[in-house]
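Report on the structure given below.
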Amino acid sequence: MRPLTEEETRVMFEKMAKYIGENLQLLVDRPDGTYCFRLHNDRVYYVSEKILKLAANISGDKLVSLGTCFGKFTKTHKFRLHITALDYLAPYAKYKVWIKPGAEQSFLYGNHVLKSGLGRITENTAQYQGVVVYSMADIPLGFGVAAKSTQDCRKVDPMAIVVFHQADVGEYVRHEETLT
């Protein structure tokens, strides 16, 4: 377990800023203590410094994980957010999409959101902007990327894709045997 390099930190923060913008500072400086990001086996973990000090007594090869996995770095050094980060990013999301109850199951099976399943969308959402997908009952379901801007969503046909699927809470069930 080691701190992130400057390049790794930049890549990770740029990815998270697509979803929560300047609220990124609120993740690190929290009222209940200081939290940090650590890298272990190409995965980035979000952990309090208090727990990090306690984990210093465990050797790196014996340590499986620590804190909450926020994502991982691919072999091409790109950062991919994991669904486990949803509970931390959803309260700070700048752009949100609410989907109708009939489209929830489709999204949770890993499909994109169509215009016919779109309930609401945050005003002034730009095309290719990172969004957090919610049910109409305000339950966070996953991450996505806006395929159309808010203005374009109003005039497209019902079968057009408005949100590209990135991750959803259904992954817990679909990939149960491979999740780490």
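The values are calculated or read from the model by the stated rules, or taken from the named source; none is laboratory data. Source: prediction; values computed, not measured. Cβ placement follows ideal geometry from the backbone for every residue including glycine, while neighbour counts extend to all protein chains displayed.
If the condition is being without any contact (Cβ under 8 Å) to a residue 60 or more places away in the chain, aliphatic (A, V, I, L, M) and surrounded by 18 or more Cβ atoms within 10 Å (Cβ to Cβ), then region 5-46 contributes Leu39, Val44. In the set (1) under 16 Å from the mean Cα position of the chain (by Cα); (2) among the polar types (S, T, N, Q); (3) surrounded by fewer than 13 Cβ atoms within 10 Å (Cβ to Cβ), Gln105 fails one condition alone, (1). Assessment of region 99-116 against the conditions (modelled with pLDDT of 90 or more and within 28 Å of Gln25 (Cβ to Cβ)) yields no matching residue.
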